[in-house]
Amino acid sequence: MAVARSVDALEDLAAASGPVVACPTDIGTDASIGAIAEALPGTVRAVVNSAAAPMGGTITDVAPEALTGAVEVKVNGTLRLVRAVDERLTTDSRIIAIGG
């Protein structure tokens, strides 16, 4: 399964890697929890979270709203993803969070 805001990105991924269960949703919103949970095809053995919220500049240049948005996607998005898959995890499942 792949989750992304962009349907085009999901289609490109499926074309490049073979069958992928696509879930177009924004991990930066609470609605993503239900969307991901409903799209899951079965047991989840591994979760890799690499959500991005690009912003540039120095700490003194970045607007507070941009930081809030980044936290919403990178930190809260990770929590949302774990909540969405929680009931499908097994004792052997792994969660990998890539931050940046």
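The values are calculated or read from the model by the stated rules, or taken from the named source; none is laboratory data. Quick caveat, the model's predicted, so the values are computed rather than measured. When we count neighbours, we look across all protein chains shown, and the Cβ atoms used for this are built from the backbone with ideal geometry, even at glycine.
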> When the stretch 89-100 is examined, which residues are found to be at pLDDT below 95 and more than 23 Å from E38 (Cβ to Cβ)?
Replying inline: I98, G99, G100
> Within the stretch 26-43, which residues are hydroxyl-bearing (S, T, Y) and either over 23 Å from T68 (Cα atoms) or not in a helix (DSSP H, G or I) (or both)?
Replying inline: T29, T43
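Do the conditions hold for A52, that is, is it at pLDDT below 95 and not in a loop (DSSP other than H, G, I, E, B)?
Details: at pLDDT below 95: yes; not in a loop (DSSP other than H, G, I, E, B): no.
Criteria not met by A52.
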>> What pairs come out if I take residues in the stretch 10-24 that are part of a loop (DSSP other than H, G, I, E, B) and pair them with residues that are exposed (fewer than 15 other Cβ atoms within 10 Å of the Cβ) and not hydrophobic (A, V, I, L, M, F, W, C) whose C-beta lies under 9 Å away, six or more apart or interchain?
In response: V21/P41
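Given the condition surrounded by 15 or more Cβ atoms within 10 Å (Cβ to Cβ) and out of contact with any Lys or Arg (no Cβ under 7 Å at 6 or more places or on another chain), answer yes or no: does some residue in the stretch 49-58 qualify? Walk me through how you get there before you give the answer.
As a first pass, look at the stretch 49-58 and keep what is surrounded by 15 or more Cβ atoms within 10 Å (Cβ to Cβ): 49, 51, 53.
With the extra rule that they be out of contact with any Lys or Arg (no Cβ under 7 Å at 6 or more places or on another chain), the set shrinks to 49.
Among the residues of the stretch 49-58, at least one is surrounded by 15 or more Cβ atoms within 10 Å (Cβ to Cβ) and out of contact with any Lys or Arg (no Cβ under 7 Å at 6 or more places or on another chain), which makes the answer yes.
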>> I need every pair where a residue in the stretch 44-63 that is among the charged types (D, E, K, R) has its Cβ under 9 Å from the Cβ of a residue that is modelled with pLDDT of 90 or more, sequence separation at least 6 or different chains.
In response: R45/L89; R45/T90; R45/D92; R45/S93; R45/R94
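For the stretch 62-88, name all the residues that are among the hydrophobic types (A, V, I, L, M, F, W, C) and either touching a strand residue (DSSP E or B) at 6+ places or on another chain (Cβ under 9 Å) or within 16 Å of A35 (Cβ to Cβ) (or both).
In the first step, residues of the stretch 62-88 are kept if they are among the hydrophobic types (A, V, I, L, M, F, W, C); the result is 62-63, 66-67, 70-71, 73, 75, 79, 81-82, 84-85.
Hits for the stretch 62-88 are V73, L79, L81, V82, A84, V85.
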